[in-house]
Amino acid sequence: MNSLTKKIYPEEILSILKEIPDPEIPAISIVDLGIIRNINEDESELVITITPTYTGCPAMKVIEDDIRQLLISKGFEKVKIQNSLSPAWTTDWITEEAKQKLLAYGIAPPEKTSHDKNILTGNSKKISCPQCRSLHTELKSQFGSTPCKSLYVCLDCKEPFDYFKCI
């Protein structure tokens with residue numbers, strides 16, 4: 001069955017796509033992450049537009065393949081994945097539910113909004129430790145396990161943790 005004979009309901013497609021975990025952070029889905037920008041139909045294809053969290057994000061190819069495979073398994077024969085760099089992805093697009101999932105997974109979620117100018121002044125945010133919730137934390141590296149995360153350490157419980165940077 002192609003996408004012309006199967007009625008496209010964006011909410012249904014979005015629900016299906018919630019099954020796909022982020023390859024780098026499996027506790028959240030690609031929908032939770034906010035990278036699904038558009039669901040459309042173009043002639044006989046289902047077109048999914050995604051925005052990478054970072055230009056050159058190595059997980060995007062895996063995400064594209066996962067989207068295509070899942071939708072084909074759900075009866076959509078022709079699936080096209082488009083990448084859109086504009087508008088640029090922002091942590092503001094991460095759902096509140098996803099932020100709670102990140103915290104439960106041991107990653108401090110982005111705090112507030114993407115308008116953090118502390119890096120320009122040399123100051124670092126006081127990020128709450130996802131283990132003990134202490135604000136007595138210290139930035140160790142701007143880059144953590146992936147480019148979208150910074151490495152912090154809690155000075156109370158001594159645990160290192162990733163912080164999902166605001167961008």
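Miscellaneous remarks
- The residues on offer are THR146, THR113, THR137, and the sole one that is more than 19 Å from PRO52 (Cβ to Cβ), hydroxyl-bearing (Ser, Thr, Tyr) and modelled with pLDDT under 90 is THR113.
- If you filter region 144-167 down to residues that are in a loop (DSSP other than H, G, I, E, B) and of a type in the set (Asp, Glu), you find that the one that is farthest from THR90 (Cα to Cα) is ASP156.
- Selection from region 32-48 of residues that are over 12 Å from LEU102 (Cα atoms) and touching a residue at least 60 places away in the same chain (Cβ under 8 Å): GLY34
- Region 10-23 residues that are modelled with pLDDT of 95 or more, paired with ones that are surrounded by fewer than 17 Cβ atoms within 10 Å (Cβ to Cβ) (beta carbon under 8 Å, 6 or more apart): ILE16/LEU70; ILE16/LYS74; LEU17/LEU70; GLU19/LEU70; ILE20/LEU70; PRO21/ALA27
- Looking only at region 125-143, and only at residues there that are part of a loop (DSSP other than H, G, I, E, B) and basic (Lys, Arg), the one that is surrounded by the fewest Cβ atoms within 10 Å (Cβ to Cβ): ARG133
- Given (1) at pLDDT below 95; (2) in the same structural domain as ILE16 (by TED's automatic domain parsing); (3) of a type in the set (S, T, N, Q), index of the condition GLN69 fails: (1)
- Residues considered: GLU77, GLU43. Of these, the only one that is at pLDDT below 95, surrounded by 15 or more Cβ atoms within 10 Å (Cβ to Cβ) and of a type in the set (Asp, Glu) is GLU77.
The values are calculated or read from the model by the stated rules, or taken from the named source; none is laboratory data. Everything quoted here is computed from the prediction, not taken from an experiment. Every residue, glycine as well, gets a Cβ built from its backbone with ideal geometry; the counts of neighbours run over all protein chains shown.
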